[in-house]
Amino acid sequence: MNLKVSCCLLLVCLVVSSQSQTQRRRKVIRVRRPISKARAIDQRPPPEQVVGSQSQSSGCPESEGLQLYEDPENCHRFFKCANGTLTHEECENGLLFDERTAQLGSVHNHCNFNWAVTCGERYLDDTPIASLGCPYRFGIFRTDKCKPFYNKCASGQYVKTPCETGLVFDESIHSCNWPDQVQEEDGGCDSEALLGGFRCPPQDKLSKLNQRYYPFPRFAIENQPELYISCVNNRPRLQSCGPGTEFDSNVLGCVQLDGF
């Protein structure tokens, strides 16, 4: 009887020992399982990893190259990984961070103009810091209504920048535009007044040659052979011939000059 009891106890001990060893082996396997590279790259460095302005390189998913990530709480700030070094960067006044344009198409330090960025739920303080000619430290701004130039501001300093020939700055699209296309909410522009009161004549008043170009007739400008006027939707637009050419009223087109 004692022999049977001893055998049973020995069997129980072997089973328990085997289960315990199996659990230990499984635990070791879980600990040693490597994190896939794809999963690691997809992780975003959380703000709490940043100490001051710089963190340890372990906060970056890759040890080489440049990676940029938005701060999930602040539209002005972003995380920058440069060769494994993580920094918490901040956009200048007038700029915000947009992950879509951070690598290509940014204005300054991977940031874009404030009007071009959608912040969503991220914190935004759009208070301007103005200086002479610059409502914000960075941006492009109208100097006055219907002018063929604008102020391009960087670090609070502006550079007066011209539009292409015939265009004026349109604040509603933050770019240069044809005067007759400037949006009404911006006050619009009188393209005829900008061209000295020139009015596009009706079709029956055009020469036979110019009727060939209708509805886009062309007209020479006295004493300015490099320029001409074309009419679009019965509104005049100032056009320019290319370098080495001038407008010939005999053919109503730009012709190359002798010597070019």
* Asked: If the chain between Glu64 and Arg199 were fully stretched, how many nm would it gain, using 0.36 nm times the residue separation less the Cα-Cα distance?
  -> 42.4 nm
* Computed E for Leu227/Ser172 - FRET, C-beta separation, R0 22 angstrom, nearest 0.05 -> 0.25
* Asked: If you take the C-alpha gyration tensor of the range 71-141, multiply each eigenvalue by 5 and take the square root, what semi-axes do you get, largest first, in whole Å?
  -> 21, 13, 11
* Structure fact -> Volume per residue (Å³) of the convex hull spanned by the alpha carbons of the range 195-256 is 81 Å³
* **P(r) weight above 18 Å for the range 139-189, C-alpha pairs, percent** => 23 percent
* Structure fact -> Two pseudo-spin positions, 7 Å from Cα along C-beta at Ser131 and at Thr87, lie apart in nanometres by 2.1 nm
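A short reminder: the numbers here are calculations on the coordinates, not readings from a lab. Since the model is a prediction, treat every value here as computed from it, not as a measurement. Glycine also receives a Cβ, built like all others from the backbone with ideal geometry; neighbour counts cover every protein chain displayed.
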